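**Student:** If you scroll down you'll find the structure; I have some questions about it.
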Amino acid sequence: MNTTTPIIGEGTRILHYLIDTTLICIFSYLLYRWWNFYVFYWGFEAYRYSYFFIGFTWVYTFVFECLFLRTPAKIITGTKVQSESGRRPNLIQFIIRATIRTLPISMFGMAWNDKPLHDTFSKTVLVKAKA
């Protein structure tokens with residue numbers, strides 16, 4: 001990675017978390033309610049809301065970051081994901097990133113290496129996007 005590329009700080013990451021989690025909550029709840037319509041009227045098997053939330057979190061993160069290198073929160077703040085070498089992350093890095101980001105322990109990495117675990121294990125960084 002270029003040493004002059006500014007790394008995004010904790011405040012921006014908190015804003016990303018708040019925006020993305022709000023959107024995930026809204027859309028996963030709508031998906032949950034849609035599924036429950038079929039449960040009620042057609043006898044489909046019922047699932048807990050947490051399954052929809054966790055599944056939608058993974059899909060949301062993977063699809064947005066794989067296609068656009070950004071989630072809606074990152075688009076708002078003008079940031080993007082890139083590999084530590086400064087290039088576009090590969091598919092495996094996106095899968096690792098989405099999987100670890102889905103886990104509630106992801107932010108604990110900030111305590112010892114100033115990066116969340118999803119950045120540490122996927123070998124990615126969050127940088128300012130060019131206009």
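**Student:** In debye, nearest 20: dipole of segment 1-74 around its Cα centre with unit charges on the Cβ of K, R (+) and D, E (-)? List each step's numbers first, then the result.
**Tutor:** On the way: 5 positive and 4 negative charges, 15 e Å.
That gives a dipole near 80 debye.
**Student:** Could you list Val39, Val125, Val59 in order of exposure, starting from the residue whose Cβ has the fewest other Cβ atoms within 10 Å? Let's see the in-between values first.
**Tutor:** Working: Val39 13, Val125 19, Val59 16.
By the 10 Å Cβ count, ascending: Val39, Val59, Val125.
**Student:** With n ≥ 4 as the cut-off for DSSP H runs, can you work out [θ] at 222 nm for the chain, using -39500 (n - 2.57) per run divided by the number of residues, rounded to the nearest 500? Walk me through the numbers before you get to the answer.
**Tutor:** Working: 6 runs with 81 residues, N = 131.
When only DSSP H runs of four or more count, the value is -20000 deg cm²/dmol.
**Student:** Here's something else I'd like to know. For every other residue with a beta carbon closer than 13 angstrom to the beta carbon of Thr57, add +1 if it is Lys or Arg and -1 if Asp or Glu, then tell me the sum.
**Tutor:** Values: positive: Arg97, Arg101; negative: Asp20, Glu65.
Charge balance in the 13 Å sphere: 0.
**Student:** Here's something else I'd like to know. What shape does segment 30-81 have by the C-alpha gyration tensor, where a ≥ b ≥ c are the square roots of the eigenvalues, rounded means a/c under 1.5, and otherwise prolate means a/b greater than b/c and oblate the rest? Provide the component values of the computation, followed by the final result.
**Tutor:** Numbers: a/c = 3.79, a/b = 3.35, b/c = 1.13.
Cα axes put segment 30-81 in the prolate bin.
**Student:** Okay, next question. Test of understanding: ordering Tyr17, Tyr41 by Cβ neighbours within 10 Å, fewest first, what list do you get? Please report the intermediate quantities before stating the final value.
**Tutor:** Values: Tyr17 15, Tyr41 8.
Starting with the residue having the fewest Cβ neighbours, the order is Tyr41, Tyr17.
**Student:** For a quick check of your reading of the filter: which trypsin sites (Lys or Arg not before Pro) in segment 47-99 sit in a DSSP loop and have no more than 13 other Cβ atoms within 10 Å?
**Tutor:** Details: sites: Arg48, Arg70, Lys74, Lys80, Arg87, Arg97; in loops: Arg48, Arg70, Arg87.
Within segment 47-99, the qualifying trypsin sites (Lys or Arg not before Pro) (loop, at most 13 other Cβ atoms within 10 Å) are Arg48, Arg87.
**Student:** For every other residue with a beta carbon closer than 11 angstrom to the beta carbon of Lys115, add +1 if it is Lys or Arg and -1 if Asp or Glu, then tell me the sum.
**Tutor:** Values: positive: Arg13, Lys123; negative: Glu10, Glu84, Asp114, Asp119.
Charge balance in the 11 Å sphere: -2.
Just so you know, all these numbers are worked out from the coordinates, no wet-lab data involved. Keep in mind that this is a model prediction, so the values were computed, not measured. Cβ sites come from the backbone with ideal geometry, for glycine too, and all protein chains shown count toward neighbours.
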